[in-house]
Amino acid sequence: MSTTSQKHRDFVREPMGEKAVTTLSGIGSTLGVNLNRQGFDKANMLLGQFLLLKKDSELFAEWFKDISGANGRQATACALCLKEWCDAFL
């Protein structure tokens with residue numbers, strides 16, 4: 001398994017609050033703009049979708065690629081970040 005980024009570790013370490021969607025691992029400024037256009041401007045909105053998909057990382061990654069234009073690596077990084085956040089806080 002690959003090591004996680006500093007961005008990932010920072011996100012998983014603390015409560016989500018009102019963090020921007022770009023604070024999630026795998027989401028840079030371009031994907032952030034795409035997600036904002038789709039109405040997903042906060043990380044907690046993506047968390048909601050992740051929970052609706054029953055914390056299924058593969059299903060979330062597919063949905064995420066469809067809605068944001070992310071590649072597989074970006075989608076997997078975002079899903080893993082949300083999963084580990086859930087494991088720490090839920």
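The values are calculated or read from the model by the stated rules, or taken from the named source; none is laboratory data. This one's a predicted model, so the numbers in the text were calculated from it and none came from an experiment. Note that each Cβ is placed from the backbone with ideal geometry, even for glycine, and that neighbours are counted across all protein chains shown.
Among residues of segment 79-90 that are within 14 Å of Gly48 (Cα to Cα), those with a Cβ under 7 angstrom from a residue that is assigned to a helix (DSSP H, G or I) and among the β-branched types (Val, Ile, Thr), sequence gap 6+ or separate chain, pair up as Cys81/Val12; Trp85/Val12. Pairs only if they're at least six apart or on different chains, beta carbon under 9 angstrom, first in segment 15-28 and closer than 18 Å to Ala70 by Cβ and in contact (Cβ under 8 Å) with a residue 40 or more places away in the chain, second assigned to a loop (DSSP other than H, G, I, E, B) and of a type in the set (Ser, Thr, Tyr); list them, first residue then second. Note: pairs meeting the criteria are Ser25/Thr4; Ser25/Ser5; Gly26/Ser5.
Considering only segment 19-37, I want to know if a residue exists there that is on the phi > 0 side of the Ramachandran plot, more than 11 Å from the chain's Cα centre (by Cα) and in a loop (DSSP other than H, G, I, E, B). Scanning segment 19-37 turns up no residue that is on the phi > 0 side of the Ramachandran plot, more than 11 Å from the chain's Cα centre (by Cα) and in a loop (DSSP other than H, G, I, E, B).
Of the residues making up segment 52-76, those that are farther than 16 Å from Ala20 by Cα and touching a residue at least 24 places away in the same chain (Cβ under 8 Å) are Lys55, Ser57, Ile67, Gly69, Ala70, Arg73, Gln74, Ala75, Thr76.
Of everything in segment 57-78 that is among the polar types (S, T, N, Q) and surrounded by fewer than 22 Cβ atoms within 10 Å (Cβ to Cβ), the residue that is nearest to Ser29 (Cα to Cα) is Gln74. Among residues of segment 4-15 being in a loop (DSSP other than H, G, I, E, B) and out of contact with any Phe, Trp or Tyr (no Cβ under 7 Å at 6 or more places or on another chain), the one that is surrounded by the fewest Cβ atoms within 10 Å (Cβ to Cβ) is Glu14. Within segment 20-35, at least one residue is modelled with pLDDT of 95 or more, surrounded by 14 or more Cβ atoms within 10 Å (Cβ to Cβ), polar (S, T, N, Q) and over 22 Å from Thr3 (Cα atoms).
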